[in-house]
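Asker: Okay, handing you the structure first.
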Amino acid sequence: MEHLTPAKAGMAHLGVCFANADASPVVLRTVKRHTPFHHSSARRKIPRTDLPVGNAEQIAVLLQKQWHLYHVTPLYRFSYSMLKKYSNELSVFIATEKKKGMAIEGGIELGNEAKFSMLSGLRATENDPEAVFIQIMAKTAAHQGIDKKVVWSGWMCCVDGDFGFLESLPVEFICLPLLFANGPKIVTTMVGEWLQKTFDCYISAFPISSENLTWMAAMWANCFSDSVHRMMELEWSVPPVQLTISLSIHPEDAKALWDSIHTNEDEITIEEVELFMSSLHSHFYRHFGVRLAATQLVNVSTAIASAHCDGKLMLFNCKHIDHVLPFLTELAFHQIQYQPRLCSSID
């Protein structure tokens with residue numbers, strides 16, 4: 001399945017960084033123009049789940065890794081009591097694929113052992129199923145014997161899932177609509193193929209639209225760590241030419257702008273999202289004469305996470321992970337499609 005791809009290496013870049021000491025006042029006005037928001041939800045609730053409070057060590061394993069996102073349709077006859085059995089079966093499946101002469105990318109070791117475990121606590125309500133963590137390990141020679149190295153990891157979760165959809169599922173199904181994969185593509189393909197065959201589900205790539213990246217930029221603008229002030233980075237692609245435009249914003253500037261726009265503590269509206277982005281567009285146009293409204297937002301990076309249009313995600317801060325996963329779960333519920341041709345499309 002095709003992904004939206006980032007601008008290729010070697011493209012020209014245009015960047016700007018403004019700090020609160022030198023930045024000119026941003027014009028807070030709505031720009032009347034064609035936008036992609038007419039298909040978007042008009043408002044979204046602000047998460048209040050505080051997910052990682054009692055699960056910091058497990059959540060830390062998910063941080064600082066580049067995850068590739070996938071949609072997963074409901075799993076048929078999946079049982080948390082059979083995780084050991086699934087570990088053995090996936091291990092056998094990978095070993096069988098290796099014997100068939102499965103191509104190895106650059107001599108990568110596929111791994112000899114699979115391990116399923118629960119990622120407990122990574123859910124917003126009692127209706128959400130517990131998250132599942134998967135590791136593929138390879139044996140390596142150590143000074144004092146044989147050691148194990150994790151060559152691939154992945155996890156499936158459902159955080160603040162659609163209650164109506166979850167309630168309507170037959171008891172034989174469990175819904176974990178998000179799959180995050182980190183490691184060689186060939187391993188992702190094999191794990192995805194095994195999941196599809198074992199649980200009669202379908203897995204597809206999860207690109208993130210420019211519209212949804214804009215929502216992320218607004219929703220994450222005022223979420224940053226007290227100890228690490230990571231710059232907000234936005235990147236746009238100019239469709240007709242191989243050109244990317246980047247904008248770096250001090251986190252306190254981004255928060256100040258968002259606080260001047262946002263009024264309701266419980267929800268975010270589409271009008272606020274549009275105004276936040278159009279204000280940044282206006283600032284950029286004043287300084288560079290470039291109309292960003294004619295470009296496509298392809299990457300958003302903040303103190304809590306970064307997301308790319310091709311479905312890549314990194315989590316930086318466990319404190320605000322509840323601002324990331326519910327939104328991705330919502331998008332996954334909207335985009336799950338039952339298509340019987342996905343094994344070959346899993347990257």
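The values are calculated or read from the model by the stated rules, or taken from the named source; none is laboratory data. Just so you know, these numbers come straight off a predicted model, no measurement behind them. Here Cβ is always computed from backbone atoms with ideal geometry, including for glycine, and neighbour counts include all displayed protein chains. Ligands, DNA and RNA are excluded from the accessible area calculation, which covers all protein heavy atoms including side chains. Shrake-Rupley method; radii C 1.70, N 1.55, O 1.52, S 1.80 Å.
Asker: If E235 meets every condition in (1) under 30 Å from S278 (Cβ atoms); (2) touching a helix residue (DSSP H, G or I) at 6+ places or on another chain (Cβ under 9 Å); (3) in contact (Cβ under 8 Å) with a residue 60 or more places away in the chain; (4) not β-branched (V, I, T) apart from one, which number is that one?
Answerer: With (1) under 30 Å from S278 (Cβ atoms); (2) touching a helix residue (DSSP H, G or I) at 6+ places or on another chain (Cβ under 9 Å); (3) in contact (Cβ under 8 Å) with a residue 60 or more places away in the chain; (4) not β-branched (V, I, T) applied to E235, the lone miss is (2).
Asker: Where in the stretch 213-293 are there strands (runs of 3 or more DSSP E), lying wholly inside it, with at least 3 residues that are open to solvent by less than 10 Å² (accessible area, probe 1.4 Å) and β-branched (V, I, T)?
Answerer: Numbers: elements: 232-238, 243-249, 267-269.
It comes to 243-249.
Asker: Which ones in the stretch 61-79 are among the aromatic types (F, W, Y) and either open to solvent by less than 60 Å² (accessible area, probe 1.4 Å) or out of contact with any strand residue (DSSP E or B) (no Cβ under 9 Å at 6 or more places or on another chain) (or both)?
Answerer: Correct list: W67, Y70, F78.
Asker: Next up: Looking at (1) open to solvent by less than 10 Å² (accessible area, probe 1.4 Å); (2) under 16 Å from the mean Cα position of the chain (by Cα); (3) free of Cβ contacts under 8 Å to residues at least 60 places away in the same chain, which one does P177 not meet, given that it meets all the others?
Answerer: Result: P177 fails condition (3) only.
Asker: L63 fails exactly one of the following numbered conditions: (1) more than 26 Å from the chain's Cα centre (by Cα); (2) at pLDDT below 95. What is the number of that condition?
Answerer: Answer for L63: the failing condition is (1).
Asker: When the residues of the stretch 180-196 are narrowed to those that are open to solvent by 30 Å² or more (accessible area, probe 1.4 Å) and in contact with a strand residue (DSSP E or B) (Cβ under 7 Å, 6 or more places away or on another chain), which ends up farthest from Y70 (Cα to Cα)?
Answerer: The initial filter retains those residues of the stretch 180-196 that are open to solvent by 30 Å² or more (accessible area, probe 1.4 Å), namely 182-183, 185, 189, 193.
Keeping just the survivors that are in contact with a strand residue (DSSP E or B) (Cβ under 7 Å, 6 or more places away or on another chain) gives 182-183.
Numbers: N182: 11, G183: 14 Å.
Filtering first and then ranking leaves G183.
Asker: If I ask for residues that are among the polar types (S, T, N, Q) and either within 17 Å of the chain's Cα centre (by Cα) or buried (at least 21 other Cβ atoms within 10 Å of the Cβ) (or both), which ones from the stretch 197-212 would you list?
Answerer: From the stretch 197-212, those among the polar types (S, T, N, Q) are 198, 204, 209-210, 212; that's our starting set.
Across the stretch 197-212, the qualifying residues are S204, S209, S210, N212.
Asker: If you take the residues of the stretch 117-164 that are hydroxyl-bearing (S, T, Y) and under 28 Å from A332 (Cβ atoms), which of them is modelled with the lowest pLDDT? Write out each step before concluding.
Answerer: Step one: list which residues in the stretch 117-164 are hydroxyl-bearing (S, T, Y), which gives 117, 120, 125, 140, 153.
If we keep only those that are under 28 Å from A332 (Cβ atoms) as well, we get 117, 120, 125, 153.
On the way: S117: 95, S120: 81, T125: 86, S153: 96.
My answer is S120.
Asker: To continue, here is another question. Output the number of residues of the stretch 324-347 satisfying the condition of being assigned to a helix (DSSP H, G or I) and either under 10 Å from the mean Cα position of the chain (by Cα) or at pLDDT 95 or above (or both). Spell out how you get there, then give the answer.
Answerer: Filtering the stretch 324-347 for residues assigned to a helix (DSSP H, G or I) gives 325-335, 343-345.
Within this subset, residues satisfying the condition of being either under 10 Å from the mean Cα position of the chain (by Cα) or at pLDDT 95 or above (or both) are 325, 327-329.
The number of residues fulfilling the criteria is 4.
Asker: Restricting the search to the stretch 221-257, which residues are of a type in the set (S, T, N, Q) and modelled with pLDDT of 90 or more?
Answerer: Step one: filter the stretch 221-257 for residues of a type in the set (S, T, N, Q), giving 222, 225, 227, 237, 242, 244, 246, 248.
Those that are of a type in the set (S, T, N, Q) and modelled with pLDDT of 90 or more: S237, T244, S246, S248.
Asker: Here is a further query. Select from the stretch 294-323 the residues that are in a helix (DSSP H, G or I), of a type in the set (D, E, K, R) and open to solvent by 10 Å² or more (accessible area, probe 1.4 Å) and list them in ascending order. First the steps, then the outcome.
Answerer: At the first step, the residues of the stretch 294-323 found to be in a helix (DSSP H, G or I) are 294, 318-323.
Okay, now just the ones that are also of a type in the set (D, E, K, R), so 319, 322.
The one that is in a helix (DSSP H, G or I), of a type in the set (D, E, K, R) and open to solvent by 10 Å² or more (accessible area, probe 1.4 Å): K319.
Asker: Just the residues that are closer than 22 Å to F316 by Cα and outside any loop (DSSP other than H, G, I, E, B), please, taken from the stretch 180-210.
Answerer: Taking the stretch 180-210 and keeping what is closer than 22 Å to F316 by Cα, we get 180-184, 206-210.
Hits for the stretch 180-210 are F180, A181, N182, S210.
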